[in-house]
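The values are calculated or read from the model by the stated rules, or taken from the named source; none is laboratory data. Treat the numbers as computed from the prediction; the structure is a model and nothing was measured. With ideal geometry, Cβ positions are generated from the backbone for all residues, glycine too; neighbour counts draw on all protein chains shown. In case anyone asks, the SASA skips ligands and DNA or RNA and just uses the protein heavy atoms, side chains included. Shrake-Rupley method; radii C 1.70, N 1.55, O 1.52, S 1.80 Å.
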Amino acid sequence: MELSERYNPKESEARWQQFWEDEGIYRFNPASPKSLFTIDTPPPTVSGKMHIGHSFSYSHQDFVARFHRMNGENVFYPFGTDDNGLATERLIEKENRVRSTEMSREKFIDLCLKTLERIRPGFVADWKRLGMSCDWTIFYSTINDHCRSISQKSFIELYKKDRVYRKRKPFMWCPECRTAIAQVEMKDKEKQSKLVYIKFDTSIGEKIIIATTRPEMMAACVAVYVNPADARYKKFIGGKAKIPFFNREAPIHPNPTVDINFGTGAVYHCTFGDMTDAEWVDTFKTDVIEILNKDGTLNEKAGKYKGMKAKDARNAITGDLEKAGLVEKIEPITHVVNVHERCETDIEILQTEQWFIRYLDLKEKFLEAGNKLNWHPGYMKNRYDNWIYGLKWDWSISRQRHFGVPFPVWYCKKCYATIVAGEKHLPVDPLVDRPLKKCDCGSDDFEPEKDVMDTWATSSLTPQIAAALFPKIHDKLYPMDLRPQAHDIITFWLFNTVVKSQMHNNINPWKDVMISGWALDPHGKKMSKSRGNVVEPQAVMEKYSADALRFWAAGSKLGEDLPYQEKDLVTGSKTITKLWNASRFVIMSLADYRPKDTAKLEITDKWLLTKLNRAVTASTDAFKVYEYAAAKSSTEKFFWNFTDYYLEIVKDRLYNSQNYSPAAMESARYTLYTALLSILKLFAPVMPHATEEIYQMFFRQFEKSKSIHVSRWPASGEAYQEEERLGDMAVEIISALRKYKTSKSMSMNKELERVVIDNNAIKPLADVIKTTMKIKQIDFAHIEGGIETENSRLEVYD
């Protein structure tokens, strides 16, 4: 069947995506005897639509999945959505113009579930449009019954192992989202502020000056600390400082952790300005004065500043201190502030009742687990290790939100015992369900746990969630082969998944981890709506194609960030066009050809097949270690050899077949068929739509596979070293003669009168050079000067 003159990606891509789904091309077969390749697919957060970073990193994992499927493996490649987190909750609020805190939990959860059912298909459609080869029938949502059961079971198991505990203690709190957050959800942000030097009267009759960026916390001051090694303040130790405006005193104590060189070297301990204050409460057993509400406003203990937001109170109290003559000076300062990574609101420290996973004592275990993983690229392990070294607090897993996976917990109102649900009855919602038996004290009056779990407490179980969909082969699916993901969530998703797998099963959740970089704007900057530099992948696919977008994504080395450059999309489109045009030429030349297993090969055909052999070997080796960019590069290099040289070389045989033996013609057609089919297969992981179109239009009638994507990956063939050497020399000469014609503004079809070649070794290919470059006469002789190539000298007479 003849290919149309032009390739139409808009029509073709949608058609083949539907074909793949209808025919079950990517369907996982749990009964297959083939070796398994299992992928822990990242479930994207349902928070709007696919962004350019998604299209970038998901393309990378799909390249690998497609290779392994074509390599004869039974690929387990599920798809899930992460839709129980704060980002999804915010989307639901925006979509429905509601505020969760103003609705009952039951009504808001019902609204969330109904909204997700409505928007999820459109959300997932972006991934399908990209050409992802997941088995879409293996689907999970992190809020469905299956996932909630597994997440609650994980909690119960850890509770029984005494790895989960509930405690009221100071911890990180986001006043905007009004929930506790974990260490991993914080990020550092550089901000401009003021260092206020405040004069405090003391019990020894001298003033002590304290420098702080948070004067609004003065009402919560419980102590003043100085370093015992600081001679300036020895006389103050044991005394008391009088707190301005609040008519009370705070003790002055020695504290060796105080930085002598910051500010004045004297600090006040307020509860709580940051997590250091929380640590000092534990160390020095100080009293706690809480002045912050959960919405970030100050409470009645802040006196006249009650009801103000922290920043407003900061300005107000600084002004009052200045009026009272209690400010020594104010210095501008640039410092790093902890903010919530979701909303970038400054983190506060509140003393609240929270659930934690106890794991700080397991840091060495987690480091050893990281050592046993195969990291691609290897240097990404440093991020994992550094995160563990920097862990300071247990994992806070409770969130003060309406929507999420509930804790399977109730509290006895009589004896305050914690009641945990039975595993056989999961999932449960304590707000709706009740314990199945009375408390040991005899009471059946219970208070349900209202908090929900952190989304990462569930997402960290994705290998178990996916494997549990096939209970009969669960142990074959888990641990998995591969975790693909971007580098920004190593500390979120990768680490927490290792934590859960090690704590539950004492094994790693996968063998290999493959880390992608970020997609950046054309100037190498992070994309964000506030900067106005966001590139929408939907618009890119509409303007170019999904294959062109994937071609761009394949241009980065594993782990490296890649700026979005439109020229790369243009290059991708041109490559597809060149592949299409080359295929049309080859297929027309094979109109009456029937494939054969072997042929008696000509020198140039052996040269090309040797180059193909090298490309197949290089691409295969690269894919096996997840180096998709190297695989693409080796394929491109061969493809350009094929189109720029071989097709030009073989044209005379095809156009003037009467001048060649049947064997020579058979050799040409065998080589064209083999080379083009192999090129399509090598390109198929990166450009699945165009390669499928060409395969279906011609090759499927001869090959057994109903899709190129389940056909066999090319095998390395015989290498003809001598013929490769001769072919390379011929290509050098052809290239030099092309440059000559170009320099003389000659058409490539313009006949050259005579060419003298000073290289007798190339004589077997003299006729090839002659017909390819339209030369009337070729002679071989020793010459001085002329055109020099790596192996030959030429004299040209035009």
Calculated FRET value between residue 35 and residue 790, using beta carbons and R₀ = 41 Å, to 0.05: 0.40
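Would you mind calculating the relative contact order of the chain from Cα pairs under 8 angstrom and at least 6 residues apart, reporting the percent as a whole number? It would help to have the intermediate numbers written out before the result.
Values: 1398 pairs, mean separation 116.6, N = 798.
Answer for the chain is 15 percent.
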Can you give the accessible area of residue 637 in Å² (nearest 10), computed on protein heavy atoms with a 1.4 Å probe? 150
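Let's test the formula: R0 of 51 Å, r as the Cβ-Cβ distance of residue 414 and residue 229. What FRET efficiency results, to the nearest 0.05? Display every interim value, and only then the final one.
Values: r = 53 Å, r/R0 = 1.05.
My answer for the efficiency is 0.45.
Would you please name the trypsin sites (Lys or Arg not before Pro) within the range 700-767 that are DSSP coil residues with at most 15 other C-beta atoms within 10 Å of their C-beta?
Details: sites: 700, 704, 706, 712, 725, 738, 739, 741, 744, 750, 754; in loops: 704, 706, 712, 744, 750.
Sites meeting the loop and neighbour criteria: 704, 706, 712, 744, 750.
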Per-residue SASA entry for residue 412, accessible area with 1.4 Å probe, Å² rounded to 10: 0
Contact order normalised by length for the range 496-544, with contacts defined as Cα pairs under 8 Å and 6 or more residues apart; what percent is it? 17
So how far, in whole Å, is the C-alpha centre of the range 1-34 from the one of the range 405-478? 42
Mind ranking 651, 500, 285, 161 by accessible surface for me, highest first, 1.4 Å probe? 285, 161, 651, 500
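With a probe of 1.4 Å, find how much accessible area the range 658-739 has per residue, and write the answer as a whole number in Å². Please report the intermediate quantities before stating the final value.
Working: 3010 Å² over 82 residues.
The answer is 37 Å² per residue.
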Simple spin-label estimate for residue 797/residue 353, 7 Å along Cα→Cβ, in nm, reads 10.3
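For residue 257 and residue 735, calculate 0.36 nm times their separation in residues minus their Cα-Cα distance, and state this gained length in nm to one decimal.
Working: separation 478, 0.36 × 478 = 172.08 nm, distance 7.15 nm.
Between residue 257 and residue 735, full extension yields 164.9 nm more.
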For residue 80, which sequence-distant residues (separation of 5 or more, or a different chain) have an amide H within less than 5 Å of its own amide H, given hydrogens modelled in the peptide plane? 140
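Could you order 619, 104 so the one with the most accessible surface comes first? Probe is 1.4 Å. Mind dumping the intermediate values first?
Working: 619 0, 104 60 Å².
Ranked list, largest accessible area first: 104, 619.
What GluC sites (Glu not before Pro) does the range 1-99 have in DSSP loop regions with at most 14 other beta carbons within 10 Å?
Details: sites: 2, 5, 11, 13, 21, 23, 73, 89, 93, 95; in loops: 2, 5, 73.
Of the GluC sites (Glu not before Pro), the ones in loops of the range 1-99 whose Cβ has at most 14 other Cβ atoms within 10 Å are 2, 5.
Carbon and sulfur: what percent of the range 313-413's accessible surface (1.4 Å probe)?
46
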With label points built 7 Å along Cα→Cβ from the Cα atoms of residue 290 and residue 450, find their separation and express it in nm. 1.3
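What fraction of the DSSP beta bridges in the chain is antiparallel, stated in percent and rounded to the nearest 5?
Expressed as a percentage, antiparallel bridges in the chain total about 70.
When the Cα atoms of the range 597-726 are enclosed in a convex hull and the volume is divided per residue, what value in Å³ results?
Working: hull volume 14.9 nm³, N = 130.
Considering the Cα atoms of the range 597-726, their hull volume per residue is 115 Å³.
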Can you send over the solvent-accessible area of residue 573, 1.4 Å probe, protein chains only, in Å² to the nearest 10? 30
Quick check on my link table: of 169/301; 294/323; 744/774, which ones sit more than 27 Å apart, alpha carbon to alpha carbon? 294/323
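Would you calculate, for the chain, the mean residue ellipticity at 222 nm contributed by helices, counting each DSSP H stretch of 4 or more residues as -39,500 (n - 2.57) and dividing by all residues, to the nearest 500?
Numbers: 23 runs with 302 residues, N = 798.
Helices in the chain give a 222 nm mean residue ellipticity of -12000 deg cm²/dmol.
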The FRET efficiency for residue 188 and residue 22, from their Cβ-Cβ distance with R0 = 35 Å and rounded to 0.05, is 0.10
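Quote the convex hull volume per residue of the range 166-218, based on C-alpha atoms, as a whole number of Å³. Provide the component values of the computation, followed by the final result.
Values: hull volume 7.7 nm³, N = 53.
Spread over its residues, the Cα hull of the range 166-218 gives 146 Å³ apiece.
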Can you pull the Kirkwood radius for the range 283-439, inverse mean 1/r over Cα pairs, to one decimal in Å? 21.2
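Given a cut-off of under 8 Å on Cα pairs at least six residues apart, what relative contact order in percent is computed for the range 119-265? Let's see the in-between values first.
Values: 144 pairs, mean separation 22.5, N = 147.
That works out to 15 percent.
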Taking amide H positions as placed 1.01 Å from N in the peptide plane, with prolines and chain starts having none, which residues 5 or more places from residue 195, or on another chain, fall under 5 Å of its amide H? 331, 333
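Can you pull the semi-axes for the range 232-314, root of five times each eigenvalue of the Cα gyration tensor, sorted largest first, whole Å? Please list the in-between numbers first.
On the way: eigenvalues 123, 44, 33 Å².
One finds semi-axes of 25, 15, 13 Å for the range 232-314.
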For residue 202, what residues show an amide H to amide H distance below 5 Å, using hydrogens built from the backbone and excluding near sequence neighbours? 208, 242
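Run through the DSSP bridge list for the range 471-623 and note the antiparallel percent, rounded to the nearest 5.
On the way: 1 of 9 bridges.
Looking only at bridges with both residues in the range 471-623, the antiparallel portion is about 10 percent.
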Only four residue types carry charge here, +1 at the Cβ of Lys and Arg and -1 at the Cβ of Asp and Glu. Report the dipole size of the chain about the Cα centre in Debye, rounded to the nearest 20. 1240
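So how do 380, 697 rank on accessible area, 1.4 Å probe, biggest first, that is with the largest at the start?
Working: 380 5, 697 45 Å².
Order by accessible area, largest first: 697, 380.
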Tell me, what ³J(HN,Hα) does each residue in the range 16-24 have, in order and in whole Hz, if you take phi through Karplus 6.51 cos²θ - 1.76 cosθ + 1.60 with θ = phi - 60° and put x for Gly and Pro? 6, 4, 5, 4, 4, 6, 4, 8, x
Within the range 689-742, which GluC sites (Glu not before Pro) sit in a loop by DSSP and count at most 10 neighbouring Cβ atoms inside 10 Å? 718
Solvent-accessible area per residue, Å², over the range 217-340 with all protein chains present [probe radius 1.4 Å]: 49
